[in-house]
Amino acid sequence: MKRILTYGTYDLLHFGHIRLLQRAKALGDYLIVALSTDEFNELKGKKAYHNYETRKKMLEAIRYVDLVIPEDNWNQKIQDVNDYKVDIVVMGSDWANNEKFEELKDYCKVVYLDRTEGISTTKIKQELKLQEPDNLTNQIPNV
Ligand code: C2G
């Protein structure tokens, strides 16, 4: 049973996120997503549209995801790798060679997968801001 671990905020879930999760799961048998908490996002200078519970439920609905755990600080990764007996940590290529992940190579394999071009949570937010307000009448209520 090859165990994969990845980290992220996963706000406004989009195709780039899904492609990352799909390819990460293809590297093993069990995929764990360490999801940034709302408090940790503040540390990262990010304000997610969906709160942690909603982002967690959305990830748990994805067939490639087996377990979602909280990511609440920068320094939990080695502990996570040991606690969950992780074989491979996978991240998108925007994290390639980042010390926070390179240091994990003493404990497990680290794989960077090509980031999906042309899509990001920031891009979605920016483009939605440009839309005329009346186009948003069919907005899904924040359940
Ligand atoms: N991603 C991708 N393609 C995109 C957008 C994101 O492959 N177009 C990948 C990122 O590289 C990351 C994952 O999807 O591996 C989640 O992206 P974010 O939610 O933006 O995660 P981030 O804010 O980078 O948080 O400790 C690490 C951080 O928690 C990572």
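The values are calculated or read from the model by the stated rules, or taken from the named source; none is laboratory data. Because the structure is a prediction, the values reported are computed rather than measured. Cβ coordinates were reconstructed from backbone atoms using ideal geometry, including for glycine residues, and neighbour counts include every protein chain displayed. Remember, those area values only see protein heavy atoms, side chains included, never the ligands or the DNA or RNA. Shrake-Rupley method; radii C 1.70, N 1.55, O 1.52, S 1.80 Å.
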- Item | Yes/no for K44 being free of Cβ contacts under 8 Å to residues at least 24 places away in the same chain and within 27 Å of K85 (Cβ to Cβ) | no
- Message: Could you check segment 108-121 and list, in sequence order, the residues that are more than 7 Å from the ligand (Cβ to nearest atom), surrounded by 16 or more Cβ atoms within 10 Å (Cβ to Cβ) and not aliphatic (A, V, I, L, M)?
- Response: C108, Y112
- Test for G92: is it out of contact with any Asp or Glu (no Cβ under 6 Å at 6 or more places or on another chain), in contact (Cβ under 8 Å) with a residue 40 or more places away in the chain and near the ligand (Cβ under 10 Å from one of its atoms): yes
- Counting only residues that are under 20 Å from Y84 (Cα atoms) and near the ligand (Cβ under 9 Å from one of its atoms), segment 1-19 contains a total of 4
- Query: Do any strands (runs of 3 or more DSSP E) lying entirely in segment 37-113 carry at least 2 residues that are in contact with a His (Cβ under 8 Å, 6 or more places away or on another chain) and at pLDDT 95 or above, and which ones are they?
  - Reply: none
- Message: Looking at K85, K77, can you tell me which residue is open to solvent by less than 30 Å² (accessible area, probe 1.4 Å) and not hydrophobic (A, V, I, L, M, F, W, C)?
- Response: K77
- N82 among the polar types (S, T, N, Q) and within 13 Å of the ligand (Cβ to nearest atom): no
